[in-house]
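Worksheet: the structure to be examined is printed underneath.
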Amino acid sequence: MEEIKRTVLRWTLANATEHGGKASSKAVMGKILAELPGWKSRIVELSILVDQIVDEVNRMSPEEQQFQIKKVGLPERKSEERRGLPDLPSLQEYKTIVTRFAPNPNGPLHIGHIRAALLSHEYARRYQGKFILRFEDTNPENAMLEMYEFIKRDLRWLGLNWDEEYYQSDRVEIYYHHAEQLIKSEKAYVCDCDVEIFRKLRDSGQPCPCRGLSASENLIRWQKMLAGGYTEGGAVVRIKTDLKHPNPAVRDWPALRIVKAPHPRVGKKYPVWPLYNFSAGIDDHLMEVTHVIRGKEHEVNEERQRIMYEHFGWRYPTAVQYGRLSMPGVELSKTQTMEMIRSGRLSGFDDVRLATIAALRRRGFLSAAIRQMIFDIGLTPVDASLSWETLYAYNRKILDPIAGRYFFVANPVKLLVRGGPKLKEARLRLHPGKPEMGERVLPLSFENSSLVFYISRSDASVLKVGDTFRLKDLMNVKLESMDSVFGASFHSLEVMDVPKFQWVSGGAVVLEVIKPDASVETGLAEPSVAALKVGDIVQLERYGFVRIDSTIPKLTAIYAHR
């Protein structure tokens, strides 16, 4: 019995990570029965167990769920669940597969960043390997203290858990040690040349005067750097390369530089900080990373790092590169985003106009949809443009079968219907195709014996006197007048081939919907919407999917897509 409990817990945790921390008993049951068909004969017993564990997991905080994942692990996915992902190359050359995701904590993650994270994590789990989270925070000038936890929260929401966690700002002494090794072996030197003079010499394939200094002279200069003897920008450590290399950017590239600004984690403890290729290259070796999965824009970085690896006598990891993935609205850099937030032009990292993971989560996109889209794109080396419509389609495919339906009328127009049946309420399904989801109740109100409804102004604008239309799932009416309050007469109850409009009546609540451009549309929603909780994702019929963003002091929702 303990083994089946463990299996149920694993599938429940997996389902919860894909759906914002809330698992579905039905989905978990399906996975268990597919894996262990023998339990079909004990389905009642299994159902009770699944409901119990799902309830326990859904009550856990994200941190508690991650702890349980580390404790019991996640189930192995079948190959068909990893569409678009070929096997990694050179698997036979490594005993254990190790991948990493190495974000810079200088801003929030957006959808362009997470491809490397999701693919690296997925491959590590596929091969029962190790996945490392490494914060590349060696630029004190742009590292942001709040971003460390912010990024980890985004990664957990995406379903990622990691085996080891590192901060490069804790590893500066390691980089100093390796820099000194290269200087002693005359594979690196301290350069105090003017940047423009060095660039001209480099571009013409000529050495700068510092390149020919002895190891002992360079070690003196290195100690001077560490002692604060140079001004910021006054000296850099350069890695020696072939000065005739066809790409000038690879020639004698800079490895460490002086930064006077305090670091948000370690203050002014270190005057010299490594640049990306030096720290990333060293860490990939020391952490025994076997496969570096990243965009092909890193080709020059790889060339630089390979030269450094040759200097140390190390073997370079297997590089797996994919093509660029562009998406409208993601062109905004982290620097531009931060500038706009500070100036007040954006409300925060989850402003709905952004394509940050936080903004997508706030709009109602599911982590499972984002994951599957990235897995389907896979490792293709071809540059591609990803449309918002594609992301909408992935999200809709998951949401449509599970999202409750509700009525909302934007910019409402009052409609009085005379001669209708004396109904007190309408009972409509929460989901037209799933009666097991239950019903919601829409009270009906009267005014001078006429039924009172509200329809959206956009629907009202297409009507003319004499038109017959259907108040969705309720009755057909015939329009008789179009004054400030529309008037209509009851026509019939049976379904007709006429336009269908959503509506609200008694007890309707004011709902503000924030659109992706940050504009706000106000309308009336059926009373049941007031009982929804922050984070609930529902479909407003004939309007679109929304996520409830606040209930106090007012009811607001964020528009996701149709």
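The values are calculated or read from the model by the stated rules, or taken from the named source; none is laboratory data. Because the structure is predicted, anything quoted here is derived from the model rather than measured. Using ideal geometry, Cβ is built from the backbone for each residue, glycine included, and neighbour counts are taken over all protein chains shown. In case anyone asks, the SASA skips ligands and DNA or RNA and just uses the protein heavy atoms, side chains included. Shrake-Rupley method; radii C 1.70, N 1.55, O 1.52, S 1.80 Å.
Are there helices (runs of 4 or more DSSP H) fully within segment 10-129 with at least 1 residues that are among the hydroxyl-bearing types (Ser, Thr, Tyr)? List them.
Qualifying helices (runs of 4 or more DSSP H): 25-35, 43-58, 114-126.
Can you tell me which residue is surrounded by the fewest Cβ atoms within 10 Å (Cβ to Cβ) among those in segment 550-562 that are touching a residue at least 40 places away in the same chain (Cβ under 8 Å) and farther than 22 Å from Lys397 by Cα?
Lys554
Need the failing condition index for Leu346 against (1) in a helix (DSSP H, G or I); (2) buried (at least 20 other Cβ atoms within 10 Å of the Cβ), just the number.
The failed condition is (1).
What's the number of the only condition in (1) part of a loop (DSSP other than H, G, I, E, B); (2) modelled with pLDDT under 95 that Arg315 fails to meet?
Against the list (1) part of a loop (DSSP other than H, G, I, E, B); (2) modelled with pLDDT under 95, Arg315 comes up short only on (2).
Return the residue satisfying two criteria in turn: it lies in segment 99-110 and is open to solvent by less than 10 Å² (accessible area, probe 1.4 Å) and either hydrophobic (A, V, I, L, M, F, W, C) or modelled with pLDDT of 95 or more (or both), and of such residues it is nearest to Thr138 (Cα to Cα).
So, considering only residues that are open to solvent by less than 10 Å² (accessible area, probe 1.4 Å) and either hydrophobic (A, V, I, L, M, F, W, C) or modelled with pLDDT of 95 or more (or both), the one nearest to Thr138 (Cα to Cα) is Pro105.
Of the residues Ser47, Ser41, which is more than 28 Å from Leu133 (Cα to Cα) and in contact with a helix residue (DSSP H, G or I) (Cβ under 7 Å, 6 or more places away or on another chain)?
Ser47
From (1) at positive phi; (2) in contact with a strand residue (DSSP E or B) (Cβ under 9 Å, 6 or more places away or on another chain); (3) open to solvent by less than 40 Å² (accessible area, probe 1.4 Å), pick out the condition that doesn't hold for Glu288.
Glu288 satisfies every listed condition except (3).
Residue check: is Leu479 closer than 15 Å to Leu442 by Cβ and open to solvent by less than 60 Å² (accessible area, probe 1.4 Å)?
No; evaluated as a whole, the condition is false for this residue.
Which pairs turn up if I take residues in segment 1-27 that are at negative phi and look for partners that are assigned to a helix (DSSP H, G or I) and open to solvent by 50 Å² or more (accessible area, probe 1.4 Å) with beta carbon separation below 6 Å, at least 6 apart in sequence or on another chain?
Pairs found: Trp11/Lys31; Ser25/Asp51.
Give the residues of segment 491-504 that are open to solvent by 60 Å² or more (accessible area, probe 1.4 Å) and in a strand (DSSP E or B), sorted by residue number.
His491, Lys500 - these are the residues of segment 491-504 that are open to solvent by 60 Å² or more (accessible area, probe 1.4 Å) and in a strand (DSSP E or B).
Go through segment 409-443 and report how many residues are over 39 Å from the mean Cα position of the chain (by Cα) and buried (at least 19 other Cβ atoms within 10 Å of the Cβ).
So the count comes out to 5.
Out of Tyr406, Tyr394, report the one residue that is open to solvent by 50 Å² or more (accessible area, probe 1.4 Å) and aromatic (Phe, Trp, Tyr).
Exactly one of Tyr406, Tyr394 is open to solvent by 50 Å² or more (accessible area, probe 1.4 Å) and aromatic (Phe, Trp, Tyr), namely Tyr394.
Among the listed residues Arg324, Arg306, which satisfies the condition of being in contact (Cβ under 8 Å) with a residue 12 or more places away in the chain, open to solvent by 30 Å² or more (accessible area, probe 1.4 Å) and basic (Lys, Arg)?
Only one candidate passes the filter, namely Arg324.
Are there any pairs, at least 6 apart or on different chains, whose C-beta atoms fall under 8 Å, with the first in segment 51-66 and farther than 17 Å from Gly30 by Cα and the second open to solvent by 50 Å² or more (accessible area, probe 1.4 Å) and assigned to a loop (DSSP other than H, G, I, E, B), and if so, which?
Asn58/Lys22
Is it true that Gly313 is open to solvent by 10 Å² or more (accessible area, probe 1.4 Å) and of a type in the set (Gly, Ala, Ser)?
Yes, satisfied.
So, in segment 520-536, of the ones that are assigned to a strand (DSSP E or B) and open to solvent by 40 Å² or more (accessible area, probe 1.4 Å), which residue ends up farthest from Ala410 (Cα to Cα)?
Val520
May I ask you to list pairs of residues, at least six apart or on different chains, whose Cβ atoms are under 6 Å apart, with the first in segment 157-179 being polar (S, T, N, Q) and the second being part of a helix (DSSP H, G or I)?
Asn161/Gln66; Asn161/Ile69; Gln168/Ser279
Using the structure shown, decide if Val57 is of a type in the set (Val, Ile, Thr), in contact with a Lys or Arg (Cβ under 9 Å, 6 or more places away or on another chain) and closer than 30 Å to Glu164 by Cα.
So Val57 fits the description; yes.
The rows are residues; the columns are (1) of a type in the set (A, V, I, L, M); (2) farther than 27 Å from Val320 by Cα; (3) at pLDDT below 95; (4) open to solvent by 80 Å² or more (accessible area, probe 1.4 Å).
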residue	(1), (2), (3), (4)
Glu18	no, no, yes, no
Gly30	no, yes, yes, no
Leu33	yes, yes, yes, no
Lys40	no, yes, yes, yes
Gln52	no, yes, yes, yes
Phe67	no, yes, yes, yes
Lys71	no, yes, yes, yes
Glu76	no, no, yes, yes
Thr96	no, no, no, no
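Filter segment 449-471 down to residues that are within 42 Å of the chain's Cα centre (by Cα) and basic (Lys, Arg) and give me whichever is most open to solvent (accessible area, probe 1.4 Å).
Step by step, filter segment 449-471, then rank; the result is Arg457.
I'd like to know if segment 291-302 contains one or more residues that are of a type in the set (Gly, Ala, Ser) and either more than 24 Å from Gly129 (Cα to Cα) or crowded, with 18+ Cβ neighbours inside 10 Å (or both).
No, the conditions are met nowhere in segment 291-302.
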